[in-house]
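Undergrad: What follows is a single structure, and I will ask about it in a moment.
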Amino acid sequence: MKRLVVTTCLPLLFIAVMSFHYIPKLLHEILGVTWLLFVLLHLYQNRSWLKNLLQGSWNFWRLFGTVIDGLLITGVLVIVLSGLGISNYLLKEVMPLAIQRSMALHQYHVSLPYALLVLSGLHWGLHWQGWQKQWQKRISWSLSPLGGRLLAVGAAAFVLVVGVWGSFMNRLGDRLMMKHIFATEATNQPGEVYVLLLAGMLGLYVFGGIALSKIGKYRRK
């Protein structure tokens, strides 16, 4: 149950942290530190992954998943450390002024979360089957085959539309190229719409990860 709670809280906290335009700055910093603690707990719960890195055979798909996980860990560290460096509250009194005013740290902290959104979605999608089984153990529901298909198609269509729309509204391409952007069409929307766009973007790349996972299984047969 603890693993399931951590897995569920991670994307919720991440989206909350990314919604810094709509929440008090102190709360943003507190949520960021809380999110880091959950990330560390998630890594501890999956420490067997680290132990098994030097074991077994390697193929393209294992390498691909490992690269995604490595980039995720690196991205989390850079985002959190840069955020602590430019902290306006938690570490303001102890952080040197030169670090607090570093434009590079500001740029990393503002742009990299969007890369992490993509990587998180892919990571979640690649491991979707395992997480789905965890949910099914805790929540039982029954749908007819037709109802299940309609629900799946409806959810996929909704996520696809909102995810693509959110990517354009947030200027995802420019964010990934580390362009200096203060505000976008997405940040000009009400907070509820902004959160929905972020959730749609995350869901879009979850579907991408699921698709890649299925391709990998097909290739291994």
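Read-outs: derived from the displayed coordinates by stated rules, not from any lab. Quick caveat: nothing in here was measured; it's all calculated off a predicted structure. Reconstructed Cβ throughout: ideal geometry from the backbone, glycine too, with neighbour counts over all protein chains shown.
Undergrad: Quick one: how many lysine pairs in the chain have C-alpha atoms under 23 angstrom apart, if they're 8 or more apart or on different chains?
TA: Eligible lysine pairs with Cα atoms under 23 Å apart amount to 9.
Undergrad: Another question, then. Would you work out the charge dipole size for the chain about its Cα centre, treating the Cβ of every Lys and Arg as +1 and the Cβ of every Asp and Glu as -1, and quote it to the nearest 20 debye?
TA: I would put it at about 1020 debye.
Undergrad: For the ranges 181-192, 82-93, 9-20, what's the packing order if you count other beta-carbon atoms within 10 Å of each residue, average per peptide, and put the highest first? Mind dumping the intermediate values first?
TA: Working: 181-192: 13.0, 82-93: 16.4, 9-20: 19.0.
Taking the mean over residues of other Cβ atoms within 10 Å, the ranking is 9-20, 82-93, 181-192.
Undergrad: Can you give me the relative contact order of the chain as a percent, contacts being Cα pairs under 8 Å and 6 or more apart?
TA: Working: 199 pairs, mean separation 53.5, N = 221.
About 24 percent, as a whole number.
Undergrad: Give me the angle, in degrees from 0 to 90, between the Cα long axis of helix 103-126 and the longest principal axis of the Cα atoms of the chain, rounded to the nearest 10.
TA: Value to nearest ten degrees: 10.
Undergrad: Of Trp135, Gln55, Val153, which is farthest on the positive side of the dipole of the chain, counting Cα position, with +1 on Lys and Arg Cβ, -1 on Asp and Glu Cβ, and the Cα centre as origin?
TA: The one lying farthest along the dipole's positive direction is Gln55.
Undergrad: Still on this model: Where the centroid of each part is defined by its Cα atoms, how far is the stretch 77-130 from the stretch 172-221 in Å?
TA: One Cα centre to the other: 17 Å.
Undergrad: Note down the nm distance, to one decimal, between modelled labels 7 Å out along Cα→Cβ at Ala211 and at Arg62.
TA: The modelled label-to-label distance comes out at 2.7 nm.
Undergrad: What would the Debye equation give as log₁₀ I(q)/I(0) for the chain at q = 0.16 Å⁻¹, counting only Cα atoms as equal point scatterers?
TA: The computed values of log10 I(q)/I(0) come out as -1.26.
Undergrad: Which is farthest toward the positive dipole end of the stretch 1-123 among Val5, Trp35, Val110, measuring Cα position about the Cα centre, with Cβ charges +1 (Lys, Arg) and -1 (Asp, Glu)?
TA: After comparing all options, I get Val5.
Undergrad: Same structure again: Quote the charge dipole size of the stretch 39-160 about the Cα centre in Debye, to the nearest 20; the model charges only the Cβ of Lys and Arg (+1) and of Asp and Glu (-1).
TA: Dipole of the stretch 39-160, to the nearest 20 debye: 360 debye.
Undergrad: Please sort 21-29, 55-63 by packing, taking for each peptide the average over its residues of neighbouring beta carbons within 10 angstrom, highest first.
TA: Values: 21-29: 14.3, 55-63: 9.8.
Going from most to least packed, we get 21-29, 55-63.
Undergrad: Based on DSSP H runs of at least 4 residues, each adding -39500 (n - 2.57), what is the mean residue ellipticity at 222 nm of the chain after dividing by all its residues, to the nearest 500 deg cm²/dmol?
TA: -25500 deg cm²/dmol
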